[in-house]
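Some notes on the structure that comes next.
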Amino acid sequence: MREECKTLETYLAPPTQHKQCKLHDEHERYESLLRRSFNDECDTMTAVNEVVSGEDLNWHSKNALKKYVPNLLDEDTYDAKQLADTHPIRYANNAAVFDHDEDRHHEICWEVPLSGHGTNF
């Protein structure tokens, strides 16, 4: 029996003007907090958290900064002395984790990201 292959074609639609404006604002806030955290020499996640707490930035960006800035300052990782003029937004990889097992009828989800509540439940 021959399996049938299906091809799915996708494309990225350009963002709406409203979404483009929100992305631009998000990037500016991220850049500002990245520079502030870096200049304040926040070498721990806790130190970065003190900078980003209460700021109007989505939780993915805040978590990414908490993980990324200490690595920038770490001598064994990047040991950065300065930042580039432009810097991409780095999001933390906090996707749901599923346990796939062909012996079970159902999948088990072990981690689900919840804004402000961590990733485990």
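The numbers here are math on the coordinates, done by the rules we state, and not lab data. Fair warning: this is a prediction, and the values are worked out from it, not measured in the lab. Please note: Cβ atoms are built from the backbone with ideal geometry, for glycine as well, and neighbour counts cover all protein chains shown.
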- Above-threshold pairs, the threshold being 29 Å between Cα atoms, out of Lys19/Lys81; Lys19/Lys62; Lys19/Lys66: Lys19/Lys81
- Okay, which of the stretch 11-48 sit inside 18 Å, backbone N to the point 7 Å along the Cα-Cβ direction of Ala84? 27-36, 38-39
- Message: Using a 7 Å offset from the Cα along the Cα-to-Cβ direction at both Leu8 and Asp43, what is the distance between the two label points in nm, to one decimal?
- Response: 4.6 nm
- Query: Applying the Karplus parametrisation 6.51 cos²θ - 1.76 cosθ + 1.60 with θ = phi - 60° to the phi angles of the stretch 36-43, what ³J(HN,Hα) value in whole Hz is obtained for each residue in order, glycine and proline being reported as x?
  - Reply: 5, 5, 5, 5, 7, 6, 6, 9
- Message: At 0.36 nm per residue, and after removing the present C-alpha to C-alpha distance, how many nm does the segment from Glu75 to Glu50 gain when stretched out fully?
- Response: 6.8 nm
- Counting pairs of alpha carbon atoms under 8 Å apart in space and at least six apart in sequence, what relative contact order in percent does the stretch 17-90 give? 33 percent
- Query: Along the stretch 57-68, what does the Karplus equation 6.51 cos²θ - 1.76 cosθ + 1.60 (θ = phi - 60°) give for ³J(HN,Hα), rounded to whole Hz, x for Gly and Pro?
  - Reply: 8, 5, 5, 4, 5, 4, 5, 5, 4, 5, 8, 8
